Amino acid sequence: MSIPKEKRDALQVRIIDQIGEGTFAAGQFAKAEGLSIQTIYRYLRKMEEQDIIVRIRNGRSTMYVLPEAVESLELDLQGLQEDIVWKRYIEPFFSDLPAVPKGNLSFAFTEILNNATEHSGGTSVQIQMNKSRYMANIFILDDGVGVFTKIADAMGLEEKSFAILELAKGKFTTDPNSHTGEGIFFSSKVVDEFTILSDGLVFHVGPDQTPRLLDVNAPGKGTLVAMSIKYSHQEPAKDVFDRFTQAPEDYGFSKTVVPVRLLEYGDEKPLVISRSQARRLMVRFERFGNIELDFSGVEEIGQGFADELFRVFQNQNPDTKLIPINCSEQVQKMIAHVTTRK
């Protein structure tokens, strides 16, 4: 009995995803799908013939990889229009990308290239694209002022690493007359992997959508932004935007998720204890209606920190709702302790 085309296409997507993730094993896959190994091998041979996959033999073992295509270009930033760059150079390269991931990638690419054009102070940008049938990747490198330096200078931050916290919140821009400050925030949410490397710091948002500040080497000049999206990505950008609005009739950016762990950089167990840390965290909180405070990786918080945040700030800003999530038992107890005070 032949398998319907829709099911065959879905099967091919799962094979590609597993090969891309390095987890594909023909026998295990056949068992999981309830199909014979012969049927799976027929699929694999057809995918080989279509140049979707490449079979590599090593003695008696066989493995499959996805062929990749790479293209790069360098452009002057002066007068650059991001939508024209997308249409002329980027979209043709990703012509085989399905509609949802292509739309999301278009949004993220044009937002980031616009930032480089209008805010970096640089003169040129290098763009590299590569793809397999599993993942589409774009890298954008400008030669301007590093983004974390720019944010730290604009806000008077004592540490450039604190700029990561402001990016994680969203609604930040160094040019409020021309921009809403939503571009980087939403760009990091509509793709599967999003990374900014600049000023010796690395800001990364992975598949779990949790922003992280990574302790790795990063270029000391300019800003490199890397974005990746799977061919099988299902959530359109509109649905991402909807997750950060208060209600269906409110199309403003009114919700955000803030990882409290970003208050401390480099410690395995962050020390989140003081009122000054709470005040640093609360900068620009009044611009949002709902804020989820993600306490993942934070085992304890100080009484001063909790009081400043959940009692003092909340009393002064009743229109902003603070919602703690992923709390340890100790964090929950401290929040309960300060919120029961009059």
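No lab work stands behind these numbers, since they all come straight from the coordinates. Everything quoted here is computed from the prediction, not taken from an experiment. When we count neighbours, we look across all protein chains shown, and the Cβ atoms used for this are built from the backbone with ideal geometry, even at glycine.
Below are the figures for this structure:
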{"quantity": "Qualifying lysines (Cα of each under 17 Å from Cα of K333; at least 8 residues distant if same chain)", "calculated": "K342"}
{"quantity": "Long-range HN-HN contacts of V202 with modeled amide H, under 5 Å", "calculated": "L214, V216"}
{"quantity": "Amide H partners (placed H, <5 Å) of M135, local residues excluded", "calculated": "Y231"}
{"quantity": "Projected label distance in nm at N290 and F241, using a 7 Å step from Cα toward the beta-carbon", "calculated": "1.8"}
{"quantity": "Convex hull of the chain built on C-alpha atoms - directionally averaged projected area, nm²", "calculated": "21.8"}
{"quantity": "Net dipole in debye of the chain [+1 Lys, Arg Cβ; -1 Asp, Glu Cβ; about Cα centre; nearest 20]", "calculated": "1060"}
{"quantity": "Estimated [θ] at 222 nm from DSSP helical runs (n ≥ 4, -39500 (n - 2.57)) normalised by residues in the chain, nearest 500", "calculated": "-10000 deg cm²/dmol"}
{"quantity": "Degrees between helix 37-49 axis and first principal axis of the chain (Cα, 0 to 90, nearest 10)", "calculated": "90"}
